[in-house]
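What follows is one structure encoded as structure tokens, with my remarks underneath.
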Amino acid sequence: MSDQREIAIVRWPGQTPSAEDGLARLLADYHLRTEAEKGEAVADVDGLPDRYRIEVSDPRTAFIDDVVLLALSGDTSVGCLVVTAPTDGQSEIKRLWTDPAFRGQGIASGLLSAALAHATESGATDVRLSVWKWRTGAIALYERLGFTVSESWDERDLLVCMQRAL
């Protein structure tokens, strides 16, 4: 018998009182881990580049035009993803993160499926994303969901750009 709680995917803001705090924690974990993986480790959120520190300190403003999806286990935020409103028929997925203690439960797949459904409902004809080359598990997940490597729109080294038609 499994002791796992059901994971719910909700759109943010406004879903639960603790969602904003949980989102900030997930974004902080995401950015701190990414900086460390890039070889630019920082001790805490205060050491993050401004654009990332703003996302953590004020996600409501940072993602004002976007939809943030949260995966909740009970009232605990255990995963997040941001999907942008379509521009010229294209949405972008960013900030996919699952709390390491909850990985292997299909949370990232659920968030991605919800993001693709939202993008379709919003009128997007395709979705793009970028992922660091060393995140091979994430790349494999994206490929399983129909994303393919595309021409880069970002000049950063080791960043893989991917796209999927809806």
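The values are calculated or read from the model by the stated rules, or taken from the named source; none is laboratory data. Since the model is a prediction, treat every value here as computed from it, not as a measurement. Cβ placement follows ideal geometry from the backbone for every residue including glycine, while neighbour counts extend to all protein chains displayed.
Scan region 120-166 for residues that are among the hydrophobic types (A, V, I, L, M, F, W, C), surrounded by 13 or more Cβ atoms within 10 Å (Cβ to Cβ) and within 16 Å of the chain's Cα centre (by Cα) and the total you get is 13. Condition check: closer than 18 Å to Leu70 by Cβ, loosely packed, with under 15 Cβ neighbours inside 10 Å and aliphatic (A, V, I, L, M). Does Ala117 satisfy that? For Ala117, the condition - closer than 18 Å to Leu70 by Cβ, loosely packed, with under 15 Cβ neighbours inside 10 Å and aliphatic (A, V, I, L, M) - is met. Do the conditions hold for Val127, that is, is it touching a Lys or Arg at 6+ places or on another chain (Cβ under 6 Å), hydrophobic (A, V, I, L, M, F, W, C) and over 13 Å from Ile9 (Cβ atoms)? In short, yes. Restricting attention to region 1-24 and to residues that are over 16 Å from Lys94 (Cα atoms) and part of a helix (DSSP H, G or I), the residue that is modelled with the lowest pLDDT turns out to be Ala19.
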